Each structure stands twice: as structure tokens, then as C-alpha cells.
Amino acid sequence: MRLVIKPRGVELTDELRAFTARRIHFALSRAADVVRRVDVTLADVNGPRGGVDKVCRIRLAGRELPEIIVEERDASLEVAVAVAAGRMSRAVLRALDRSRAPYARAAAGASRYARSEAG
């Protein structure tokens, strides 16, 4: 998995970079085999005025997956990153379930049909 962190109007400290990387890797660890690239954009929308204006946007591309984009706003970048990473984890697992579901449904339907014919 290739992780790219892009700051837009915020200072990307070593601590923030490490925190973001750790959260993303942990959130996507269950789907690491299908995730190819993750782009994280950290931005301050309003600049120095303050408020709920810190944005974390995560864009993911992978095998067996459509492009998935999650965006979260908060007054703190750390909170925005943590919430966005959790949302991305759930979105990826949902997309994987959807992509694999037709095969599971077909197998379950075939086994039900086989049981009804045998009985």
C-alpha cells in the first residue's frame, strides 16, 4: 500500500505525519492485500480564523474496489484524521463485501437447491 500525505495550508509536522500514517495503516490493515494507493489531503479551509475548518480527505484506489473518497471536518486535524480513517475502513470493508457477495449468494443458492432436490 502506497501512502501519500499532502498538506494544504497546514504545517505537516513529523508527529502529524506519523499519527496519520499509523491511523491509516491500522484502519486499512484488514484490506491491505487489495489497497494499492491511499492519498490523504490535510487542509485548513479558513486559515487562521479558526473554527471547524480542518479537513482530512482520504482517497483510496485498489484492486477489486471502486475509488473511495471520505472527507471529515473538525476543529482538530487529529480528530478529523481519526474519524476519516474509521469511516474509510468501514467503507472499504463494505465495498469488499459487495464485490464478493454475488459469489457467496450463488454458492448459498446452489447448496439450497441441492438440498431440496435430494430431500
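Computed from the coordinates by the stated procedures, all read-outs in this text should not be read as laboratory data. What you are looking at is a predicted structure, and each value in this text was computed from that prediction instead of being measured. Virtual Cβ from ideal backbone geometry, glycine too; neighbours counted across all protein chains shown.
Some points to look at:
- Under the condition of being of a type in the set (G, A, S) and closer than 27 Å to G9 by Cα, the residues counted in region 29-49 number 2.
- Of all residues making up region 38-61, the number that are under 20 Å from R2 (Cα atoms) and surrounded by fewer than 18 Cβ atoms within 10 Å (Cβ to Cβ): 4
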